[in-house]
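Asker: Supplied in structure tokens, the structure appears directly below.
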């Protein structure tokens, strides 16, 4: 090597010795990632504990929503690992690696868009975006602080990886609570939220992860910057941690976040979930005619949709009474991707839920707890209502019910 390219290490040490200070040992990226994954698991557990298991069961039977949640979680873990690894000089994030993470997120968006009708995508509001940011705040802050313990040589790119990880986790969490808490659940709103989170995270990386620029400043400016940094780190982080935790709890438990319970829809969901495990008819069910005849003998209307032409097999029917003595029937149709539950019960008055719905040919269609519902006031047979339920997107469900009525 020629003399002009040789490094004078004594001069280099003299120039940098002023910045030396004792530090704690930096854990391996895999160990820090394990801690962050445990935080994710704790937040998911808290959400399920606070909001109940019903939506989680509904998600289990929604293959597209479950696929989107799984892909978002995979993307969050991959992006977090890239961010933590980049805190060690020489292990910077490469654009091909980021491209893989973005491809996983794009695939999750594909599942999400395919599982939502277009009119639901257009209903998202800015307030919902703020709630998604609240869900992402705690994972983002924890990961950002873990990365800050190292020395990222590409602070903006590292910030992007941190933002992708936090957003992806928040998007996965939305799949579980979107029908209980009013958080964004459309592909369009998620894409917009992702863009905002990435930009803000990249800016945060530029200003607060750029150790090299700070070390290259003149001594006087560096000393001033060091004092400000130490004061900010000791004060801002605990405040930000408390604020992010409060925001998470507010989204899960805050006033107005839960939608009102609808007993008839809850009954249909519980019946659907029981039917998936074990449905045992207690009336003759060899055909639609024999089943309806048995219903009439129990004082119920001979009124039922046949979903057989749409690919659903009639499993059978049950006649029962609710805890208050009200007669009720459960008719179960099974299909390759799930089933359709039809309930008839007597009622004193028809009072449809006062929530957003579609009305088609005097049939009322709703979305609730991950299911689509059709509510009908059956006239000519006394006071009866019918509830049809299936865990599918609203528009395909409407087409299914309307096709069965024609």
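Asker: Test residue 301 against the criterion of being farther than 20 Å from residue 399 by Cα and touching a residue at least 60 places away in the same chain (Cβ under 8 Å), and give yes or no. Working first, answer last.
Answerer: On the way: farther than 20 Å from residue 399 by Cα: yes; touching a residue at least 60 places away in the same chain (Cβ under 8 Å): yes.
Answer is yes for this residue.
Asker: Now for a separate question. Given (1) surrounded by 11 or more Cβ atoms within 10 Å (Cβ to Cβ); (2) at pLDDT below 70; (3) closer than 23 Å to residue 144 by Cα, where does residue 258 come up short, assuming only one miss?
Answerer: (3)
Asker: Right, here's the next one. Can you tell me how many residues in region 277-315 are under 17 Å from residue 391 (Cβ atoms) and crowded, with 17+ Cβ neighbours inside 10 Å?
Answerer: Result for region 277-315: 3.
The values are calculated or read from the model by the stated rules, or taken from the named source; none is laboratory data. Keep in mind the model is a prediction, meaning the values are calculated, not measured. Neighbour counts are summed over all protein chains in view; Cβ atoms, including those assigned to glycine, are modelled from backbone coordinates with ideal geometry.
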